[in-house]
Amino acid sequence: MKLVLLGAPGAGKGTQAKKLIEKFTIPQISTGDLLRAAVAAESELGQEAKSFMDKGELVPDSVVLGMVEERLGQDDCAQGYILDGFPRNTAQAEALDAMLAELGMELDSALSVEVPLEDLMKRLTGRRTCRDCGQMYNIYFNAPAEEGKCDKCGGALFQRDDDREETIRKRLEVYNEQTAPLIDYYSGKGILKSVEGTGDIEGIFANVCATLGL
Ligand code: AP5
Ligand code: MG
Ligand code: ZN
């Protein structure tokens with residue numbers, strides 16, 4: 001499986017990617033997670049990225065492309081990969097195609113996870129993430145058994161810095177302007193698939209697998 005997951009902020013890309021990697025043991029490459037790790041490590045790259053992320057804007061392509069290229073070159077990607085949150089604009093999509101052609105790892109599919117705009121704000125303001133294992137929760141839709149604590153590993157839950165209403169509005173705007181056109185981009189290449197991202201997470205996962213022929 002060589003897959004790009006497309007979808008608005010909060011559509012459930014990360015949630016579905018985590019289920020796919022559990023079932024198919026291939027890596028999830030989330031540029032958002034890689035950037036947040038760089039921010040936490042206080043690296044130079046992280047400090048540059050943080051100023052864009054806090055505003056809800058895209059981090060410059062040069063930063064993200066280098067990160068993805070390095071990650072795709074690692075051994076565990078040879079059997080397949082799931083790109084989550086990348087590419088985010090046409091320039092990144094074109095650069096990705098060139099990179100994958102060079103590596104002989106061309107995409108099988110781009111899967112768009114479709115969720116109505118009015119659902120996204122609540123999903124994002126309600127999101128909580130485990131600091132230790134990365135499991136995602138939502139205080140409105142899938143709350144942990146004990147407030148602030150991960151069901152899986154007992155780790156502390158945190159709220160992302162960019163999950164504030166103002167920043168979310170900007171992220172949604174950036175998505176509509178820069179990322180949504182990729183639906184046409186992949187449709188033009190004949191590899192676009194789409195799935196409804198509303199309803200329960202397990203049901204969506206079953207549809208994701210069926211849509212991808214897994
Ligand atoms: P990134 O981390 O990619 O954030 P995003 O695209 O805004 O997407 P999210 O992670 O917010 O949403 P998701 O679709 O993964 O949803 P999730 O599964 O968590 O990017 C962050 C920032 O980094 C960007 O703004 C940019 O600055 C930078 N960046 C990243 N990549 C970049 C790139 N390629 N180029 C340039 N800059 C880049 O679910 C959300 C919530 O909903 C959770 O609480 C979850 O539990 C809940 N939920 C999930 N499914 C359901 C359901 N079916 N019903 C109810 N609730 C649900
Ligand atoms: Mg995500
Ligand atoms: Zn955990």
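Each value in this text was obtained by applying a stated rule to the coordinates, not by laboratory testing. Since this is a predicted model, take the numbers as computed values, not measurements. Ideal geometry is used to build each Cβ from the backbone, glycine not excepted, and the neighbour counts take in all protein chains shown.
Can GLY155 be described as closer than 25 Å to ASP54 by Cα, small (Gly, Ala, Ser), in contact (Cβ under 8 Å) with a residue 12 or more places away in the chain and within 14 Å of ligand 1 (Cβ to nearest atom)?
Against the criterion (closer than 25 Å to ASP54 by Cα, small (Gly, Ala, Ser), in contact (Cβ under 8 Å) with a residue 12 or more places away in the chain and within 14 Å of ligand 1 (Cβ to nearest atom)), GLY155 does not qualify.
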Residue count, the stretch 107-157 (criterion: within 12 Å of ligand 3 (Cβ to nearest atom) and outside any loop (DSSP other than H, G, I, E, B)): 8
Test: residue in the stretch 69-76 that is closer than 19 Å to ALA180 by Cα, touching a strand residue (DSSP E or B) at 6+ places or on another chain (Cβ under 9 Å) and touching a residue at least 24 places away in the same chain (Cβ under 8 Å): no
Matching residues in the stretch 56-96 - criterion: being outside any helix (DSSP H, G or I) and exposed (fewer than 14 other Cβ atoms within 10 Å of the Cβ): PRO60, GLY73, GLN74, ALA78, GLN79
Considering residues of the stretch 114-159 that are within 30 Å of LYS193 (Cα to Cα) and among the aromatic types (Phe, Trp, Tyr) only, the residue surrounded by the most Cβ atoms within 10 Å (Cβ to Cβ): TYR137
Qualifying residue in the stretch 52-66 (condition: under 30 Å from GLY155 (Cα atoms) and more than 12 Å from ligand 1 (Cβ to nearest atom)): no
Boolean, ASP162 is surrounded by 12 or more Cβ atoms within 10 Å (Cβ to Cβ), free of Cβ contacts under 8 Å to residues at least 60 places away in the same chain, assigned to a loop (DSSP other than H, G, I, E, B) and in contact with a Pro (Cβ under 9 Å, 6 or more places away or on another chain): no
Sole residue being of a type in the set (D, E, K, R), more than 20 Å from VAL174 (Cβ to Cβ) and within 14 Å of ligand 1 (Cβ to nearest atom), chosen from ARG88, ARG71, ARG36: ARG71
